[in-house]
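Some notes on the structure that comes next.
The values are calculated or read from the model by the stated rules, or taken from the named source; none is laboratory data. Computed from a predicted model, the values in this text were never measured in an experiment. Using ideal geometry, Cβ is built from the backbone for each residue, glycine included, and neighbour counts are taken over all protein chains shown.
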Amino acid sequence: MANITEIKEMLDAFYKGETSREEEARLQAYFSDDDLPVDMQREKAVFQALFEQEAVPAAAEGMETRLSSLIDQLERNESKRVTARKPNKKKKLWLEIGGIAASICLLVSIGMFVMNQGHERNSSATESANPASKLSREDQQKIKEAQKALEMVSTNFNKGMDGMQSVSENL
């Protein structure tokens, strides 16, 4: 049986990767003994676990080709998912145009509402002060022109939305 300090030094060198094959064989022989000190029992379990050799079964025939084809199939599926996630450029452009048109219509509507509210306040104030007053022909003409302009914007917007709907259905 070897000196315990010598075994501990070889064991430290083994864990550092500095032992030769002969020293590793001596350590294996030492740890194969059943009569070891208590403090070396734990080292024995670790050392034996490192050196246990189990026979690795040979790969089944055709395993490499099956694995290769499986990897290729998974790669194709992944590339299909990546291309399916890419947005269509035309569709994205139409959505942006539609968003801009909707924003413009919203702003025009809000502006007309605010102007109409201000005009109603002014007219109600003047009517309460002078109930006989009415809108002048010039103001009535401006109102009619504004209504025609809004109808034209609405009609053109609806035509554009119909065109976008047909394009998005075709995509």
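Report yes if Ile104 is surrounded by 12 or more Cβ atoms within 10 Å (Cβ to Cβ), at pLDDT 70 or above and of a type outside the set (Lys, Arg), otherwise no. Judged against the criteria, Ile104 is a match. Within the stretch 162-169, identify whether any single residue is modelled with pLDDT under 85, among the acidic types (Asp, Glu), part of a helix (DSSP H, G or I) and loosely packed, with under 10 Cβ neighbours inside 10 Å, and answer yes or no. Within the stretch 162-169 (the criterion being modelled with pLDDT under 85, among the acidic types (Asp, Glu), part of a helix (DSSP H, G or I) and loosely packed, with under 10 Cβ neighbours inside 10 Å), the answer is yes, since at least one residue qualifies. For the stretch 47-69, the set of residues classified as modelled with pLDDT of 80 or more and of a type in the set (A, V, I, L, M, F, W, C) consists of Leu67 only.
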